[in-house]
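For reference, the structure discussed in these notes is given below.
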Amino acid sequence: MGPSGFTLDENDLRQEIPLMQTALRRAGVAELMRTLAPGPYGLALLHLQTLAEVERAGALVLEIAKRLAARMPGQVGVARDRAVDFCTLFGLFAAGSLASDRLATLGGAPVQVRAGFPSSRIGGFLGTAPGDPELAWRLADDLSEFLSRHRDHRDPARRIQEPRQVVPCVQAWWMLIAQGAREMATDAAFEPYRQVAEGFSLEVSGRVFRGLESAPALPAEELGNLLPVTPEDIVGNQDYLRAGMRLARDVAGYDFEQGQNPKRINPVLFALGPPGCGKTVTAHAIGNHFLAFCRARGVPARFLVIRRTDWASSYQNASAQKLIEIFRQDVQAFPGVVGVYWPDIDTAFAARTDPGLRSEERNILGASFGVFDGTLIPRNGKWFLLCDANFLNMDEATLSRITQDPYRVSGPTTPEDFIHLMRDKLLHEWCELLPLSGHEWQDVGRRCVELGFSGRNVEALCRKIASEIEDVEPPDEFYHSDFESRRRILKDLSRPVPACRMLEIMEAFARFEKEAEAAAQQQRFRERVQEIVFHLSAQKAATGLTDFSAADG
């Protein structure tokens, strides 16, 4: 079975929720709660909240069992019965785990259980077809029996006498079911079906289940903090963009069951280009394409951006293993496919060759680059790496390792590229205030090429043009209006920028700011290299101080 997964939400339980409600009414669970621990008006709010969690969890058991059964290979006879039973056990484990977590948020004393229900009791839930209403009746009857036993429990602490005591009691019931189902599912008879369940992921209520293990779902902010760009937003860099998108789709084809990708791929894509040519925005567009492509096909995926601050600054108080751990823990150990973007990689490589770097730190930093030749993590087609550099400030050994699939990235290069970027992308909001003819736009595009503008230069230039368009003094009513009204007032007062004025702004920008930006880029590069070297040396000194302090203590 190929890589797959599914996510469940409330909309997927529309058929199962009414089944559980009917089952709970039939078993008299609500009436039992009211009788055991009546509220001032009968059913209390805690009763209703607890019942809602029970019906939701029961519905999840039914839906999960159905989804998993559909992914089981064809079986007949006893094998088919075992496959169906495993699907039920998996549903009981996953839904029971989630229910106990959600019930814990309702308050009450912390609940702990030493072991799950015995297999004889868990077995009472088995033997039904996936999604069979009979399972809902059995769950409701078992809960009713469990609550009844706590009417006159021999342990006064477990005796239900008020509504707040209902919550931990029901929570304990779900915990006993979840643990008992998990223990039973580990039996050797279910081994083939466990392997199937380990081949895909289930995400529900903020948790991801793979086999009989679960972990919190990946927060959105861990998905690389990508810019909100798509491949359609990229102007220029089309060869690099297409290669990155193709590589991303190839990695999405990784086979989780076999532990390898059926397609032989080079997972490292290296881009070389001057500052401002769009390397970063292109990589972010590839990352968003990768995540959307995987999401549409149920493939668990993440995309990471390795920032210098994620590892260089840690050398002051942590080992140089941090960079290695990023690849081993966040990439190799992640239960899904992974895309990685490592910008400005030339600064790290330049730091590696700095004469002030101690040999041991150089070796550790060098070891982390084993990602390029498969010595750090296997090149099994489960991950891909986009990396880029402004300059080739790297030794020959490094160059040979990372430039096996190199791309020159130049950003917009033709007059048509610059026209498209300025008129259709960056200034489209002010198109009515840019009275340029087709020939005048061609003049603007050609002048961008002649002045050697980069995509970043043009972005800054367009901000200047937009500022000049809106360089007006609004009336008093502007400050008392809502947002849309202010936009309308600004638009009415805004001044058109003709072609001659646009060319003047471009010439001024080229004379002053473009030169200053180039100098700043070179200085920033040197500062980053020195910062990395400093942190590497500081780490060594900090280690010595730590050892001294420990011995002194």
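The values are calculated or read from the model by the stated rules, or taken from the named source; none is laboratory data. Since this is a predicted model, take the numbers as computed values, not measurements. Here the Cβ is made from the backbone with ideal geometry for all residues, glycine too, and neighbour counts use every protein chain on show.
Computed quantities for the displayed model
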item	result
Residue 281 being among the aliphatic types (A, V, I, L, M), modelled with pLDDT under 90 and surrounded by fewer than 22 Cβ atoms within 10 Å (Cβ to Cβ)	no
Sole exception among (1) part of a loop (DSSP other than H, G, I, E, B); (2) in contact (Cβ under 8 Å) with a residue 60 or more places away in the chain; (3) of a type outside the set (A, V, I, L, M, F, W, C); (4) more than 17 Å from residue 35 (Cβ to Cβ) for residue 112, by number	(2)
Sole exception among (1) at pLDDT 60 or above; (2) under 30 Å from residue 234 (Cβ atoms) for residue 519, by number	(1)
In segment 219-272, residue modelled with the lowest pLDDT [restricted to those that are aromatic (Phe, Trp, Tyr) and closer than 27 Å to residue 390 by Cα]	270
Residue satisfying all of: in segment 194-211; among the small types (Gly, Ala, Ser) and modelled with pLDDT under 80; farthest from residue 254 (Cα to Cα) among these	205
Out of 129, 136, 79, sole residue that is part of a helix (DSSP H, G or I), assigned by TED's automatic domain parsing to the domain that holds residue 187 and closer than 25 Å to residue 204 by Cβ	136
Counted residues, segment 420-474 - those being over 41 Å from the mean Cα position of the chain (by Cα), at pLDDT 90 or above and part of a loop (DSSP other than H, G, I, E, B)	3
Residues located in segment 100-132, provided they are under 14 Å from residue 62 (Cα atoms) and not acidic (Asp, Glu)	125, 126, 127, 128, 129, 130, 131
Residues of segment 255-270 that turn out to be surrounded by fewer than 12 Cβ atoms within 10 Å (Cβ to Cβ) and of a type in the set (Val, Ile, Thr), as a count	0
Leading residue by the ranking (farthest from residue 152 (Cα to Cα)) among those in segment 16-43 that are among the small types (Gly, Ala, Ser) and assigned to a helix (DSSP H, G or I)	23
Single residue of segment 21-57 satisfying the filter (modelled with pLDDT of 85 or more and of a type in the set (Gly, Ala, Ser)) that is surrounded by the fewest Cβ atoms within 10 Å (Cβ to Cβ)	52
All positions within segment 186-203 that are over 22 Å from residue 337 (Cβ atoms) and of a type in the set (A, V, I, L, M)	188, 189
Residue among 143, 147 that alone is aliphatic (A, V, I, L, M), surrounded by 15 or more Cβ atoms within 10 Å (Cβ to Cβ) and under 22 Å from residue 40 (Cα atoms)	147
Boolean, residue 397 is at pLDDT below 85, under 27 Å from residue 339 (Cα atoms), in contact with a helix residue (DSSP H, G or I) (Cβ under 7 Å, 6 or more places away or on another chain) and small (Gly, Ala, Ser)	no
In segment 181-201, the residues that are in contact with a strand residue (DSSP E or B) (Cβ under 8 Å, 6 or more places away or on another chain) and assigned to a loop (DSSP other than H, G, I, E, B)	198, 199
Out of 345, 306, 324, sole residue that is more than 23 Å from residue 245 (Cα to Cα), at pLDDT 70 or above and either assigned by TED's automatic domain parsing to the domain that holds residue 253 or touching a helix residue (DSSP H, G or I) at 6+ places or on another chain (Cβ under 7 Å) (or both)	324
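Okay, residues lined up against (1) modelled with pLDDT of 70 or more; (2) within 19 Å of residue 253 (Cα to Cα); (3) outside any loop (DSSP other than H, G, I, E, B):
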position: 302; (1), (2), (3): yes, yes, yes
position: 318; (1), (2), (3): no, no, no
position: 330; (1), (2), (3): yes, no, yes
position: 351; (1), (2), (3): no, no, yes
position: 355; (1), (2), (3): no, no, no
